[in-house]
Amino acid sequence: MIAVWRREARPEPGHEARHEAAPEAARQGRREARLDIRWVVAGAWILALAAELTGRGSFFHHDQLIEGGLPRPAAFLLFLVAWQAMIAAMMLPSALPLIRLFNRASAAQPRARAARVAFVASYALVWTGFGGAAFLFDTLVHATVDASPWLLAHGYLIGGGTLIAAGVFQFSPLKEACLRQCRNPGAFLLRHYRRGVGRAFATGLWHGVFCLGCCWALMLVAFGAGVANLIWMAALTLLMTLEKRATYGPLLARVAGAWMALVGLVIVAQPLWAVG
């Protein structure tokens, strides 16, 4: 009987090889995922740099697209294409810790690559929706300014007001709550991660919502500065990344908020000082 039990307990041929191959496949999947994300981010910055150096960046600015004579649907679609580069260049770097954790958690599941794609795609979908809404709202702003001689003469109020709003938001409870979620990717995955492509899509959506709640005001400033404005893109990318990943992130968020509010107030008040 002991001999029979030993024969039954003996591993099947190839079982140990499969057991050893599974972790190796998971490690390979994680390496490929990291490489994919890095190439996406690098490619987005190369596109932005090329647009700046060739002078083509202004073609994708929302003002040019709205006022440039293109049919509104074509201008909207062209902006969304350019906005994808903004998402990849500016938002993916700050989301890399969570993306790496998700890759580790999903590496051993069936259709792991599809789950990773679904996670990142749904995250980008949230920011695409924000960009589209900002563009449509800006068309209303342009129409209002064109219909109002007073606003046309005081256009600086829009830029200054945007900076003031973004600065004040940095001190808000919503900013603090969403930033806390973004700064703790492990705790976020413990609450939201489930196996499967559909659940990966839902997890990415949830992360996108928290990231939007944390950074929408900063990305609104980036929207106002325009696609391929490298100085603003680099500064805001660094700010959002440090807010989420550095130990002094919450303090930096408030310092940046105070600076943006102060600059906005100067922009709004400077014409009044000049008149005085």
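Kindly indicate whether residue 235 is open to solvent by 40 Å² or more (accessible area, probe 1.4 Å) and free of Cβ contacts under 8 Å to residues at least 60 places away in the same chain.
On the way: open to solvent by 40 Å² or more (accessible area, probe 1.4 Å): yes; free of Cβ contacts under 8 Å to residues at least 60 places away in the same chain: yes.
Yes, satisfied.
Residues that are out of contact with any Cys (no Cβ under 7 Å at 6 or more places or on another chain), open to solvent by 40 Å² or more (accessible area, probe 1.4 Å) and aliphatic (A, V, I, L, M): does the stretch 88-100 have at least one?
no
Could you list, in sequence order, the residues of the stretch 208-222 that are open to solvent by 10 Å² or more (accessible area, probe 1.4 Å) and in contact (Cβ under 8 Å) with a residue 60 or more places away in the chain?
209, 212, 216, 220
So that you can scan it fast, the table gives a plain yes or no per residue for (1) among the charged types (D, E, K, R); (2) under 25 Å from residue 81 (Cβ atoms):
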position: 165; (1), (2): no, no
position: 178; (1), (2): no, no
position: 182; (1), (2): no, no
position: 206; (1), (2): no, no
position: 216; (1), (2): no, yes
position: 220; (1), (2): no, yes
position: 225; (1), (2): no, yes
position: 244; (1), (2): yes, no
position: 256; (1), (2): no, no
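Do we have residue 20 as exposed (fewer than 11 other Cβ atoms within 10 Å of the Cβ), at pLDDT below 70 and assigned to a helix (DSSP H, G or I) here? Can you show your working first?
Numbers: exposed (fewer than 11 other Cβ atoms within 10 Å of the Cβ): yes; at pLDDT below 70: yes; assigned to a helix (DSSP H, G or I): yes.
Yes.
Going through the stretch 60-80 one residue at a time, which ones are open to solvent by 60 Å² or more (accessible area, probe 1.4 Å) and not in a helix (DSSP H, G or I)?
69, 70, 71
List the helices (runs of 4 or more DSSP H) inside the stretch 167-261, counting only whole elements, that have at least 2 residues being in contact with a Ser or Thr (Cβ under 8 Å, 6 or more places away or on another chain).
Details: elements: 173-182, 185-192, 197-225, 230-245.
Those helices (runs of 4 or more DSSP H) span 185-192, 197-225, 230-245.
The values are calculated or read from the model by the stated rules, or taken from the named source; none is laboratory data. Fair warning: this is a prediction, and the values are worked out from it, not measured in the lab. Please note: Cβ atoms are built from the backbone with ideal geometry, for glycine as well, and neighbour counts cover all protein chains shown. Surface areas here come from the heavy atoms of the whole protein model, side chains and all, with no ligands, DNA or RNA. Shrake-Rupley method; radii C 1.70, N 1.55, O 1.52, S 1.80 Å.
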